Every structure is written in C-alpha cells, then in structure tokens.
Amino acid sequence: MNILGISAGFHDCGVTLLQDGEIAFAGHSERYSKQKHDEHINTDIVLDAVQRGIPEVIAYYEKPWLKKLRQLRAGQYDQALDFSDITVKQYLTKHLPVRFSGHTRFRTFNHHLSHAAGGFQTSPFSRATVVVIDAIGEFDTISIWAADYINGQARYQKLWSQGCPHSIGLFYSAMTQRLGLRPLDEEYIMMGMSAY
C-alpha cells in the first residue's frame, strides 16, 4: 500500500511516500523552493513523491477542523472563519498540485500523536515513553505517550497532556521574539546564548 504523508500549512512543509511500510521518498519543500521554513506544498516535491507510486491513502499530520476550533476559541480570526478548507480533503484539494482519483482516502492524525510517532518509529526501541513538548497542536501543548509494537504495528496510548494556553513552546517563541529574533526560526540562537 502506498501512503503519502503530508505536513504543511504552518512551517516546514514535508512530504513522505511510504510503500508497504518502507520510506520510498521523503523531502522538505524548502529544498525545492529555497525558502527557509517553507510552509507551502511545493509542486515538484509532490511530483517527485508520486513518481515512485500513486498513493491509496493521503495522511495529514493534524486535524484541521480541531485546529480551526481552537483558533476560533482563542479569538485568532480577525475576519470571517474560512470554511473552504476545514477538512483535510478540502485543504489538500485546494493546495495539492496533483489531483488523485476518487478512490484515494484521506486520513488525519492528532498533531502530538504525529510527533510521538516520528520519534518512536524512527528509534531502535520496541517500547518507549514519548514526551512531546510543542508550541501547540490542535489543543495540546505537552503530551506523554506510551508506545510499543503489537504484531509489527505501532500502538500509542496518551498518558497525560497539558492544554492551551499553557505552553512551554509558545513561551520559548515569545522570548525569542522579545530578544529581537525570529520566532519559529531562530530559537537555536537563544538556546546558544543561554550558556552565557
């Protein structure tokens, strides 16, 4: 089975094609567009991925409707809420440069679960406790997961989470901006300065 995984729309767009559980292609839009932290789905990255196989499933790293609900609750909309891309199928149909058949399925995954899977499934461990500390996902800002494999399939159980607005990651970005650096980009400079 071919699965096209996409993370896009915020920062650092990435695309991966899995063929029967093995990585056949992986890339970041910034390598194609030459724009640091490019959030947009680049046409060439998708074309390179689908040359290796047409996906039966397109997997997206977050649940767009939950994210929009959080943004609405937080008052982050200055204008009318745009419902034209509230589902992942709407969003990807609007932004993907390639049209797939009507048989292609769309799946969404919890943002923090995507982080946990990225850490656990690329590690050498068969069991782990995974801690995700992020600016914000749909609503979670910190989460702890139990992860293991059952019959070769990764399995996750959320043990604990901290919700918005309490966020170490957002505080870190705010301090980065306060120092005159670019948030979501130059946090590494602030981290380096902390040693002094």
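The values are calculated or read from the model by the stated rules, or taken from the named source; none is laboratory data. Remember, predicted model here, so these are calculated numbers, not experimental data. With ideal geometry, Cβ positions are generated from the backbone for all residues, glycine too; neighbour counts draw on all protein chains shown. Each accessible area value is taken on the protein alone, full model and side chains, heavy atoms only, with ligands, DNA and RNA left out. Shrake-Rupley method; radii C 1.70, N 1.55, O 1.52, S 1.80 Å.
Any chance you could run the full-extension gain for Gln90 through Thr129? It's 0.36 nm times the residue separation minus the Cα-Cα distance, nm to one decimal. It would help to have the intermediate numbers written out before the result.
Numbers: separation 39, 0.36 × 39 = 14.04 nm, distance 3.44 nm.
My answer for the length gained is 10.6 nm.
Multiplying the sequence separation of Lys158 and Glu56 by 0.36 nm and subtracting their Cα-Cα distance, what value in nm do you get? Each step should come with its number before you reach the end.
Details: separation 102, 0.36 × 102 = 36.72 nm, distance 2.80 nm.
Here the answer is 33.9 nm.
How large a share of the accessible area of segment 96-160, in percent, is made up of carbon and sulfur atoms when the probe is 1.4 Å and the other protein chains stay in place?
Working: 2070 of 3920 Å².
Answer for segment 96-160: carbon and sulfur cover 53 percent of the accessible area.
I'd like to check one number: the per residue accessible area of segment 1-71, probe 1.4 Å, reported in Å² as a whole number.
That works out to 51 Å² per residue.
Report, in listed order, any pair from Lys67/Lys158; Lys67/Lys94; Lys36/Lys68; Lys63/Lys89; Lys36/Lys67 with a Cα-Cα distance greater than 22 Å.
Lys36/Lys68; Lys36/Lys67
Could you check which residue among Thr16, Thr141, Thr104 shows the biggest mean-square fluctuation in a GNM of the chain with a 10 Å Cα cutoff?
Thr104
Under the classification rounded if a/c is under 1.5, otherwise prolate if a/b is larger than b/c and oblate if not, where does segment 21-131 fall, given a ≥ b ≥ c as square roots of the Cα gyration tensor eigenvalues?
Here segment 21-131 falls in the oblate category.
Averaged per residue, what accessible area in Å² does segment 100-196 show with a 1.4 Å probe, protein chains only?
Using a 1.4 Å probe on heavy atoms only, each residue of segment 100-196 averages 66 Å².
First measure r as the distance between the Cβ atoms of Tyr196 and Met175, then evaluate 1/(1 + (r/R0)^6) with R0 = 22 Å and state the FRET efficiency to the nearest 0.05. Working shown, then result.
Working: r = 15 Å, r/R0 = 0.69.
After rounding, the FRET efficiency stands at 0.90.
Please sort 151-163, 64-76, 47-59 by packing, taking for each peptide the average over its residues of neighbouring beta carbons within 10 angstrom, highest first.
Top to bottom by mean Cβ count within 10 Å: 47-59, 64-76, 151-163.
Suppose each label sits 7 Å from its Cα in the direction of the beta carbon; what would the Gln71-Asp185 distance come out to in nanometres?
In this crude spin-label approximation the distance works out to 2.0 nm.
Starting from the Cα of His40, step 7 Å along the direction of its Cβ; do the same at Arg105; then give the gap between the two resulting points in nm.
The answer from the label model is 3.2 nm.
Quick one: pull the percentage of alpha-carbon pairs in the chain with a separation above 31 Å.
22
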